[in-house]
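J.: What follows is a single structure, and I will ask about it in a moment.
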Ligand code: NA7
């Protein structure tokens, strides 16, 4: 394993997205190198530069809280920031906190091996770097590895094919083009209304219709901004006390406790709330009671029928096969209205799945077909832990972790937003900061206690799997095929990969493991 390029550092952080950037800052007292596949910072917000890309959580929340001056000085132009503003913010943070000195861009990690004698990870990158480090922190993101279904005929297609997560920085000119669009998840719903305005024709290939509510995006008003800035410290704490680390109106009543008139009024208010996801919190039991959920589903279907003029198209757009919220609720701007345009048509590919790229006359095909989520980025790295066991073997039947942070048999390797964390069920910048702090505290304690090796026990991993299953069982999420459970990818194994017990419970279990003498860990 010796190599003339060998470099010794303390910590390698994989990924310069929002969590990796904060980890680089938080652990700056160590010798830290952050390896990033992209040419710039921002992770998700670096790669996803398709038209209309926008965060679906308000920006005063979806931002860092670790530095009071930063949150006081930064100004978001809109409630829900667009990708260019998020990327600008990521670059600002990288400059302001001198992070670039630690980051190696365009340098993806290819393989890693753990040396049990030295308690070091060997990390190899595409550029030929060979780093030896004591700890690895994989901040590789939940939605990093694009899903490109292997349709035959792709290579013969004479036009251009794009995936929304690999969008060209210079943009795409759709004028006079016949565009085919595959994928009607959060991404497709954001991109299509904009492309429909530019293209000659837009043909939408829909496998499963999405539930979509209006985003209510608008310029950020000064009063709202000042209110947040005056209360940031408390609000950041309050956020972490809510299910999704986001301050929205959490209901107290179940659907049954409301009269039909009250139900209608609550749903209408939620639809117009300009606060994303409020529909899922219309009643306390939307995600736990099938009949409450169906009430919300039918409310959205009625909205679709009232907006889309062609009744056949409207019915095709109505989701009927899964609970609302089972797949992430989409937040759009004019998505359903778009179907009233003459140049837009809808093709049902559920009834007759896409088998090859041949049947339609198109100039451009856009695939917004999602991601090999949660595990995809880690699975693309060859990772060899103790006793030459590989992560691929370990996760062959689905990912297992302890607290979403460690994998038994892969010592000194931590993950942020790993499998079985709340991930996208909670606001990811703030919860990412929380997880980075928790991880960094563990690393600091290892240094303080003169220890060199930390692993999770298999027993703790199994108990965590039971906790994850138990909370999933209580929720309706299990009735949808989505990236949350890997069912969006053919043949992907494993169960629910997201922790749906709420962020406060997750944080408490992480904290109590540490407080109870590193319960579930082996430290030496
Ligand atoms: P999603 O939500 O996984 O959506 C992907 C879409 O692509 C979805 O409509 C899929 O249909 C569709 N898809 C995937 N494969 C195919 C094939 N083979 N044929 C036809 N249609 C297909 O990804 P997004 O990028 O939209 O959003 C990901 C997250 O980003 C989102 O949850 C937010 O957190 C932000 P399906 O529903 O699987 O039938």
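The values are calculated or read from the model by the stated rules, or taken from the named source; none is laboratory data. Note that this is a predicted model, so its numbers are computed, not measured. So basically every Cβ, Gly included, is an ideal-geometry build from the backbone, and we count neighbours across all protein chains shown.
J.: State all residues of the range 382-391 that are in contact with a strand residue (DSSP E or B) (Cβ under 6 Å, 6 or more places away or on another chain) and assigned to a loop (DSSP other than H, G, I, E, B); if no residue qualifies, say none.
T.: 385
J.: Next question, about the same structure. If you scan the range 195-227, which residues turn out to be more than 15 Å from the ligand (Cβ to nearest atom) and either in contact with a helix residue (DSSP H, G or I) (Cβ under 9 Å, 6 or more places away or on another chain) or in a helix (DSSP H, G or I) (or both)?
T.: 196, 197, 198, 202, 214, 222, 223, 224, 225, 226, 227
J.: I'm trying to understand the selection: among the residues of the range 349-366, which are within 14 Å of the ligand (Cβ to nearest atom) and either within 20 Å of residue 491 (Cα to Cα) or exposed (fewer than 14 other Cβ atoms within 10 Å of the Cβ) (or both)?
T.: 349, 350, 351, 352, 353, 354, 355, 356, 359, 360
J.: Would a scan of the range 442-464 turn up a residue that is modelled with pLDDT of 90 or more and within 16 Å of the ligand (Cβ to nearest atom)?
T.: no
J.: Restricting the search to the range 454-480, which residues are part of a loop (DSSP other than H, G, I, E, B) and loosely packed, with under 15 Cβ neighbours inside 10 Å?
T.: Residue satisfying the conditions is 474 alone.
J.: Out of curiosity, is residue 62 within 16 Å of the ligand (Cβ to nearest atom) and in a helix (DSSP H, G or I)?
T.: no
J.: How many residues are over 14 Å from residue 74 (Cα atoms) and assigned to a helix (DSSP H, G or I) when one looks only at the range 228-238?
T.: Here the count works out to 6.
J.: Among the listed residues 182, 161, 189, which satisfies the condition of being over 25 Å from residue 267 (Cα atoms), within 16 Å of the ligand (Cβ to nearest atom) and surrounded by 19 or more Cβ atoms within 10 Å (Cβ to Cβ)?
T.: Sole residue among the options that is over 25 Å from residue 267 (Cα atoms), within 16 Å of the ligand (Cβ to nearest atom) and surrounded by 19 or more Cβ atoms within 10 Å (Cβ to Cβ): 182.
J.: Here is a follow-up. Kindly indicate which of 390, 321 is within 30 Å of residue 296 (Cβ to Cβ) and surrounded by fewer than 21 Cβ atoms within 10 Å (Cβ to Cβ).
T.: The match here is 321.
J.: A further question follows. Within 16 Å of the ligand (Cβ to nearest atom) and either over 25 Å from residue 387 (Cβ atoms) or free of Cβ contacts under 8 Å to residues at least 40 places away in the same chain (or both), is that true of residue 506?
T.: No: the conditions fail for residue 506.
J.: Out of 436, 407, 374, which single residue is touching a residue at least 24 places away in the same chain (Cβ under 8 Å) and on the phi > 0 side of the Ramachandran plot?
T.: 374
J.: So, residue 142, is that one touching a helix residue (DSSP H, G or I) at 6+ places or on another chain (Cβ under 7 Å), within 30 Å of residue 422 (Cα to Cα) and within 16 Å of the ligand (Cβ to nearest atom) or not?
T.: The answer is yes for residue 142.
J.: Would you say residue 176 is modelled with pLDDT under 95, over 30 Å from residue 509 (Cα atoms) and more than 16 Å from the ligand (Cβ to nearest atom)?
T.: Here the answer is no, as residue 176 does not meet what is asked.
J.: Does at least one position in the range 332-341 carry a residue that is under 30 Å from residue 156 (Cβ atoms), within 16 Å of the ligand (Cβ to nearest atom) and either surrounded by fewer than 18 Cβ atoms within 10 Å (Cβ to Cβ) or under 27 Å from the mean Cα position of the chain (by Cα) (or both)?
T.: yes
J.: Go over the candidates 153, 176, 216 one by one and state the one that is within 25 Å of the chain's Cα centre (by Cα) and either touching a residue at least 24 places away in the same chain (Cβ under 8 Å) or more than 20 Å from residue 53 (Cβ to Cβ) (or both).
T.: So the residue among 153, 176, 216 that is within 25 Å of the chain's Cα centre (by Cα) and either touching a residue at least 24 places away in the same chain (Cβ under 8 Å) or more than 20 Å from residue 53 (Cβ to Cβ) (or both) is 216.
J.: Here is a further query. Go through the range 305-329 and give me each residue that's touching a strand residue (DSSP E or B) at 6+ places or on another chain (Cβ under 7 Å) and within 10 Å of the ligand (Cβ to nearest atom).
T.: 329
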